[in-house]
Amino acid sequence: MIYLDNNATTAVAPEVRDAMAPFFCDEYFNPSSMYDAAKPVKHAVESARELIAQFLGASYTSELLFTSCATESLNAAIFGAIRANPERRHLITTAVEHPAVLEIGKELQREGFEVSFIGVDRQGNLNLGEFVRELRSDTLLVAIMHANNETGVVFPIERLSRVVKETDPSILFLCDATQSMTKIPIQLNGNFRNVDMLAFSGHKFHAPKGIGGLYLRRGTRCRTFLIGGHQELGRRGGTENVPYIIGMAKAVECAAGNHADDQKRIEYLRNKLENGIVQKISNVEVNGSGAERMPNTLNIAVHYIEGEGILYQLSALGICASSGSACTSGSLEPSHVLTAMGVPFTAKHGSVRFSLSRYTVESEIDFVLDKFPEIVARLRRLSPYWDQAANKPREPQHVVPNRTHSS
Ligand code: PLP
């Protein structure tokens, strides 16, 4: 199998599995228990917190809370901020967020909040003019992703958060760093010093699924969100998921240790894949190519065929890729991200996302490059948009009108 869907989830690293192992059957004690046996467990959890807090450049270890995933962290941050600041009822986010933020925005609109969804240009860059114009005296919160899960496009969080704080320091800035965590430098005392809250999920960087984090800068007005026991300084009740917390810290440690080498190698492989496909196949374009992108992501639009067809054929060869977000790929709707970018109909239905990790090797990329052109040629033979004889797109008058994606 060739796994190129690392933006959906990643394999647990062997070092992570080994670090977690003792905390299942041996050191299984509740970290809140008073007896001596539980003390090393409590200590291990606090060391894990310290390691991740330091990695992110947090000023205080207690600013980092453990959660079950990024979705929980984002819900906690947004609804916690609303509860703590009931007088403000306007939020800003973008049209290309992951559903974990986008759907909250839509739900809040139904509840009577005003939510501005800032658009992007054809390359996926945020419309900065629109962003600045939407900042208002009643704006409570800005919630913006660092890197897009579908295209890999990186938003300028340093600049956006600075503009927000210069406009009104009481507006809260939440960053969804789920895709960028460990891939792109984040320093909460440096480039992210104006970010108040930051969410991430361990399974995107070789920790298991079911563990995440929320950074809450000291003094941020955000109410307790999971009411229960006194865990996480009373801000998130529920017994800590000790093995997974230890695992996530180990994953951060591994990523930090090899960061520069890993990212350079991953980028080289991504570029090889990208350049190879662009050279071998006509009528393709790289979604987000003109913007700053994460080094591991390639979202490629193959005009005149359907992405689902490509994915099935790749899957038959043991290649795992995706047509966009794993959370929306069950639907036949075109990607909201590509729609917001204005990617034309004939391309957004034929877009495929490859996402690499430090376990991706060159022979896998070579295999995909060998097979991908055949797959595209086969599907184009079946496409009503493709003129087989001339080996080019059909003239528009021959195209079946109003053809839907599901037909
Ligand atoms: N935000 C982004 C950008 C994501 O890519 C994802 C998952 O793909 C999430 C949030 C939600 O992460 P989780 O499903 O781990 O809660």
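The values are calculated or read from the model by the stated rules, or taken from the named source; none is laboratory data. Note that the structure is a prediction, hence the values are computed from the model and not measured. Neighbour counts run over all protein chains shown; Cβ positions are idealised from the backbone, glycine included. With ligands, DNA and RNA removed, areas are computed over all heavy atoms of the protein, side chains included. Shrake-Rupley method; radii C 1.70, N 1.55, O 1.52, S 1.80 Å.
Report D for the stretch 89-137 in µm² per second (integer): Stokes-Einstein, Kirkwood Rh on Cα pairs, 25 °C, 0.890 mPa s.
Rounded to a whole number, D works out at 218 µm²/s.
By how many degrees, 0 to 90 and rounded to 10, does the Cα axis of helix 307-316 deviate from the longest principal axis of the chain?
So the inclination is approximately 80 degrees.
Determine ³J(HN,Hα), in whole Hz, for all residues of the stretch 282-294 in sequence, where each value follows from phi through the Karplus function 6.51 cos²θ - 1.76 cosθ + 1.60 and θ = phi - 60°; x replaces Gly and Pro.
With coefficients 6.51, -1.76 and 1.60, one gets 7, 6, 10, 8, 8, 6, x, 5, x, 10, 5, 10, 5 Hz.
Tell me the net charge near I227. Cut-off is 13 Å between Cβ atoms, I227 excluded, with +1 for each Lys or Arg and -1 for each Asp or Glu.
Working: positive: R83, R223, R235, R236; negative: E232.
Charge balance in the 13 Å sphere: +3.
Indicate, rounded to the nearest 5 percent, the antiparallel portion of the DSSP beta bridges found entirely in the chain.
Among the beta bridges of the chain, antiparallel pairing accounts for roughly 55 percent.
Accessible area per residue of the chain at 1.4 Å probe, in Å²? Numbers along the way, then the final one.
Values: 17020 Å² over 407 residues.
With the other protein chains kept in place, the chain gives 42 Å² per residue.
What does the extension gain come out to for A37 and L369, with contour length at 0.36 nm per residue minus their alpha carbon separation?
Details: separation 332, 0.36 × 332 = 119.52 nm, distance 5.43 nm.
So the extension gain works out to 114.1 nm.
Where a ≥ b ≥ c are the square roots of the eigenvalues of the C-alpha gyration tensor, would you call the chain rounded, which needs a/c under 1.5, or, failing that, prolate if a/b is larger than b/c, or oblate?
Oblate.
Ranked highest first by the average count of other Cβ atoms within 10 Å around their residues, in what order do 274-287, 238-251 fall?
Working: 274-287: 17.2, 238-251: 22.7.
Top to bottom by mean Cβ count within 10 Å: 238-251, 274-287.
Using the Karplus equation 6.51 cos²θ - 1.76 cosθ + 1.60 (θ = phi - 60°), what ³J(HN,Hα) coupling, rounded to whole Hz, does each residue of the stretch 123-137 give in order, writing x for Gly and Pro?
Computed from phi, the couplings for the stretch 123-137 are 8, x, 6, 5, 6, 5, x, 4, 4, 5, 5, 7, 5, 10, 5 Hz.
Under 9 Å from the Cβ of W386, count the other residues' Cβ atoms, weight Lys and Arg +1, Asp and Glu -1, and hand me the total.
Around W386, the surrounding residues sum to +3.
If you take the square roots of the eigenvalues of the alpha-carbon gyration tensor of the stretch 132-229 and sort them as a ≥ b ≥ c, do you get rounded (a/c under 1.5), prolate (a/b over b/c) or oblate? Intermediate results must be reported in sequence, preceding the final value.
Numbers: a/c = 1.98, a/b = 1.24, b/c = 1.60.
In terms of gyration-tensor shape, oblate.
Once you put a point 7 Å from the Cα of E50 and another 7 Å from the Cα of F113, both along the Cβ direction, what distance in nm separates them?
3.6
Hey, which of these cross-link pairs are over 30 Å Cα-Cα: K42/K264; K204/K272; K183/K272? If you can, show how the numbers build up before the last one.
Details: K42/K264 37 Å; K204/K272 23 Å; K183/K272 19 Å.
Checking Cα-Cα distances, K42/K264 exceed 30 Å.
About the Cα centre of the stretch 13-257, what is the dipole size in debye to 20, counting +1 per Lys and Arg Cβ and -1 per Asp and Glu Cβ, all else neutral? It would help to have the intermediate numbers written out before the result.
Details: 26 positive and 28 negative charges, 71 e Å.
Dipole about the Cα centre, nearest 20: 340 debye.
At 1.4 Å probe size, with the rest of the protein present, what percent of the exposed accessible area of the chain is carbon and sulfur atoms?
Numbers: 9030 of 17020 Å².
Within the chain, the accessible surface is 53 percent carbon and sulfur.
For the stretch 106-114, just list the computed ³J(HN,Hα) in residue order, Karplus coefficients 6.51, -1.76 and 1.60, θ = phi - 60°, integers in Hz, with x standing in for Gly and Pro.
5, 5, 5, 4, 4, 7, x, 6, 9
Just grab the label-to-label distance for K165 and R193, each label 7 Å out from Cα along the Cβ direction, in nm (one decimal).
0.7
Mind listing the long-range amide H neighbours of L172? Cut-off is under 5 Å, sequence gap 5 or more, other chains count too, H placed in the peptide plane at 1.01 Å from N.
When sequence neighbours closer than 5 places are left aside, the close amide H contacts are L141, V142.
Which one, L74, S47, F131, is farthest towards the positive end of the dipole of the chain when Lys and Arg carry +1 and Asp and Glu -1 on their Cβ?
Of the listed residues, the answer is F131.
Rounded, prolate or oblate: pick one for the stretch 188-257, where a ≥ b ≥ c are the square roots of the eigenvalues of its C-alpha gyration tensor, a/c under 1.5 means rounded, and failing that, prolate if a/b is larger than b/c, else oblate. Kindly include the intermediate steps, with their values, before the conclusion.
Numbers: a/c = 2.45, a/b = 1.11, b/c = 2.20.
Judged from the Cα gyration tensor, the stretch 188-257 comes out oblate (a/c at least 1.5, b/c at or above a/b).
Checking the cross-link filter: which aspartates and glutamates have an alpha carbon closer than 12 Å to that of K165, excluding same-chain neighbours under 8 positions apart?
Straight-distance partners of K165: D196.
Under the rule of at least 5 residues apart or a separate chain, name every residue whose amide H is placed under 5 Å from the amide H of T67.
When sequence neighbours closer than 5 places are left aside, the close amide H contacts are G212, G213, L214.
Using just the helices of the chain, give the 222 nm mean residue ellipticity in deg cm²/dmol: DSSP H runs with n ≥ 4 each add -39,500 (n - 2.57), and the total is spread over all residues, rounded to 500. Kindly include the intermediate steps, with their values, before the conclusion.
Values: 13 runs with 152 residues, N = 407.
Computed mean residue ellipticity for the chain: -11500 deg cm²/dmol.
With Cβ to Cβ distances under 13 Å as the rule, what net charge do the other residues near E50 carry (K, R +1; D, E -1)? Numbers along the way, then the final one.
Details: positive: K42, R49; negative: E46, E63, E253.
Around E50, the surrounding residues sum to -1.
Straight-line reach from K39: which aspartates and glutamates fall under 17 Å, measuring Cα to Cα and dropping same-chain residues less than 8 apart?
The reachable aspartates and glutamates, counting only those whose Cα sits under 17 Å from K39, are D26, E27, E50, E232, E240.
By per-residue mean of other Cβ atoms within 10 Å, what is the highest-first order of 338-347, 293-302? Walk me through the numbers before you get to the answer.
Details: 338-347: 18.6, 293-302: 24.6.
The densest-packed peptide leads the list: 293-302, 338-347.
With a 10 Å radius around each residue's Cβ, average the other Cβ atoms per peptide and rank 50-56, 387-393, highest first.
Working: 50-56: 19.0, 387-393: 11.6.
Averaged packing, sorted descending, gives the order 50-56, 387-393.
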